[in-house]
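The values are calculated or read from the model by the stated rules, or taken from the named source; none is laboratory data. Being a predicted model, the structure only gives us computed values, none of them experimental. In this analysis, Cβ positions are derived from the backbone assuming ideal geometry, glycine residues included, and neighbour counts consider all displayed protein chains.
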Amino acid sequence: MKMNKKRWIITLAVITVLAVSFFWGGNYAVKDNTADQTQAVSSADDESGNTTVADQPTDSSDAAANTDKQTAVVTANSKTGKTSADKSSTDKTTFTAAGSKDQYQTDPVHAGNPQPVEPKDVTVNGDVKLNCTFSVSCKTILDNLDSFNEEKLEVLPTDGVIFPATQVTFYQGESVFNVLQREMKKAGIQMEYEATPIYNSNYIEGINNIYEFDCGELSGWMYKVNGWFANYGCSRYQLQDGDVIYWVYTCDLGRDVGGYVDQEDD
């Protein structure tokens, strides 16, 4: 009986030791497995180029420095109203809008002045007759005869007036060019022009045999309507009833006729 009790006690002790060993070893294995997983994740981050745990600030001063840097970036962006993500695209858009020209190289037209109208978008209505005042002058040449082509003196009017201010008829939808072409033909006055697709307009080279550069390298023909020298071609200026058209020859890129100054002031 005593022997059986002793064996039972020994057996219980062995079982207890085995159980303790089993549970202790199991916990240790789980701990090592977690460490291996952490190491694997860190290695994967390194290969992908992402920030690893080791790259993060471990010191309080490093963390503070990183926070200050981010704050500085946010502050700078708040002053411009942009974020780092949209700064480049916003700058490009702003720049383009500020100094943009249309597809025909025309600068933005100031408020209050008529916008250009493309000839292909216009249908002339021959049933609707309107009136405008039309004239052509080269008086500026009289003040610059020393620069004028001597071979052209015979075609230069003594008073500088090629076509006096006259009320003429035009049709709804017509342009400044349409009126010039028709009135010069009716009056038997020579006119030459050149189509310039890049500006989507016709360029007037000469009227009454007086051409660009005949009175210096800055000379040529300009037009204004109702006192405004338009910054686009005459084929794109659609007329309205009562408009006043004035073709004038400049010897100084518009400065001598008010075109250059008007262009800056409008």
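The figures follow:
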| read-out | value |
| --- | --- |
| Flag for N144 being surrounded by 18 or more Cβ atoms within 10 Å (Cβ to Cβ) and either closer than 19 Å to V122 by Cβ or touching a residue at least 60 places away in the same chain (Cβ under 8 Å) (or both) | no |
| Residue within segment 188-208 that is part of a helix (DSSP H, G or I), closer than 29 Å to Q115 by Cα, without any contact (Cβ under 8 Å) to a residue 40 or more places away in the chain and in the same structural domain as Y237 (by TED's automatic domain parsing) present | yes |
| Subset of segment 186-197 (residues that are among the hydrophobic types (A, V, I, L, M, F, W, C) and closer than 23 Å to G242 by Cβ) | A187 |
| Of all residues making up segment 153-167, the number that are outside any strand (DSSP E or B) and either β-branched (V, I, T) or within 16 Å of C215 (Cβ to Cβ) (or both) | 7 |
| Among residues of segment 209-252, those that are in a loop (DSSP other than H, G, I, E, B), over 21 Å from V122 (Cβ atoms) and in contact with a helix residue (DSSP H, G or I) (Cβ under 6 Å, 6 or more places away or on another chain), counted | 4 |
| Subset of segment 119-141 [loosely packed, with under 14 Cβ neighbours inside 10 Å and either within 26 Å of T250 (Cα to Cα) or of a type in the set (K, R) (or both)] | K120, K129 |
| Residues of segment 147-185 that turn out to be surrounded by fewer than 13 Cβ atoms within 10 Å (Cβ to Cβ) and over 19 Å from V244 (Cα atoms), as a count | 7 |
